[in-house]
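Worksheet for the structure shown next.
The values are calculated or read from the model by the stated rules, or taken from the named source; none is laboratory data. The shown structure was predicted, so the numbers you read here are calculated from the model rather than taken from an experiment. So basically every Cβ, Gly included, is an ideal-geometry build from the backbone, and we count neighbours across all protein chains shown. Heads up: the accessible areas ignore ligands, DNA and RNA and are worked out on the full protein's heavy atoms, side chains in. Shrake-Rupley method; radii C 1.70, N 1.55, O 1.52, S 1.80 Å.
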Amino acid sequence: MVDFAAVTTRQQQMWAVGDFHRIGVAQVIVGERLVRALRLTAGQRVLDVAAGAGNTALAAARRFGEVTATDYVPDLLATARRRAEAEGLPLVIEVADAQDLPYPDESFDVVTSTFGAMFAPDQERTAGELLRVLRPGGKLGMANWTPTGFIGQMFRMGASHVAPPPGLHPPSRWGTEEGLRKLLGGLGARLDIRERETDFVYPTPDYMLELYRSWFGPTATQFALLDPEGQERYAADLLGLYAEWNRAEDGTVCIPSAYLEVVATKE
């Protein structure tokens with residue numbers, strides 16, 4: 001039996017390593033696309049779950065939603081608060097776990113999560129919470145990495161160097177139609193699923209490696225758990241993965257990665 005509480009605690013520590021905003025800020029467009037797909041309108045009550053540094057929460061606030069951004073890593077939310085203040089946007093910030101949201105049933109018109117809730121270890125409970133706090137007829141919008149896209153393959157490679165806790169479904173289950181239909185469709189939600197791509201653009205492959213090794217919590221944590229030889233092998237494998245996926249031909253990096261854009265309507 002999986003100890004979800006213990007896994008959650010380790011994940012909190014992992015995502016607090018480095019500075020995820022340095023990674024996530026490159027994907028602002030994903031949050032903007034998502035709130036557009038949701039046809040979010042002014043005055044709607046919006047909950048952004050596992051909001052990180054606030055990309056999607058801020059996109060919703062720009063459309064004059066009444067937005068609450070939540071995450072279980074307070075330092076990430078502090079960055080979201082600073083970004084909202086810099087843009088003059090109202091944003092409520094609250095620490096919360098996607099697996100146990102501290103809100104009454106049917107509290108929100110819209111719930112969002114961009115590359116966030118998909119990483120919660122108890123996937124069935126997370127799906128239930130995302131829909132529980134949503135009013136009937138309300139919409140849940142998610143962006144989830146696919147297992148076959150670049151980021152899905154990067155996480156798969158990381159797991160080959162540092163094994164994840166046993167007994168867990170991979171996060172990329174949320175990035176498959178079958179997984180979504182089991183997790184959300186099984187709870188009565190009506191699903192509209194669309195595959196999209198977003199790009200990772202960096203000056204050089206070495207720059208990308210050091211950026212992730214230094215600032216991306218999962219990768220930084222994996223490197224810290226390896227001995228020097230293991231770190232060299234992992235670094236070489238990552239550079240090989242970048243080369244395989246890189247579309248740029250001028251020495252820079254432009255890597256596309258597929259994700260599923262999901263709009264689930266609560267019946």
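Quick notes
- Subset of segment 123-139 (residues that are touching a helix residue (DSSP H, G or I) at 6+ places or on another chain (Cβ under 9 Å) and of a type in the set (A, V, I, L, M, F, W, C)): ALA127, LEU130, LEU131
- Close pairs (7 angstrom Cβ cut-off, 6 or more residues apart or separate chains): open to solvent by less than 40 Å² (accessible area, probe 1.4 Å) in segment 76-92, acidic (Asp, Glu) anywhere: LEU77/ASP71
- Scanning segment 174-205 for residues that are open to solvent by 40 Å² or more (accessible area, probe 1.4 Å), part of a helix (DSSP H, G or I) and not aliphatic (A, V, I, L, M) returns GLU177, GLU178, ARG181, LYS182, GLY186, PRO205.
- The conditions of being modelled with pLDDT of 95 or more and under 30 Å from VAL201 (Cα atoms) are not met by ALA16.
- Filter result for THR112 (open to solvent by 20 Å² or more (accessible area, probe 1.4 Å) and either in a helix (DSSP H, G or I) or of a type in the set (Ser, Thr, Tyr) (or both)): no
- Residue match in segment 203-224 (condition: within 25 Å of ASN55 (Cβ to Cβ) and among the charged types (D, E, K, R)): yes
- Filtered residue count, segment 161-171, keeping only those that are free of Cβ contacts under 8 Å to residues at least 40 places away in the same chain and part of a helix (DSSP H, G or I): 0
- Against the list (1) open to solvent by 30 Å² or more (accessible area, probe 1.4 Å); (2) within 30 Å of GLU267 (Cβ to Cβ); (3) touching a Pro at 6+ places or on another chain (Cβ under 6 Å), the condition MET118 fails is (1).
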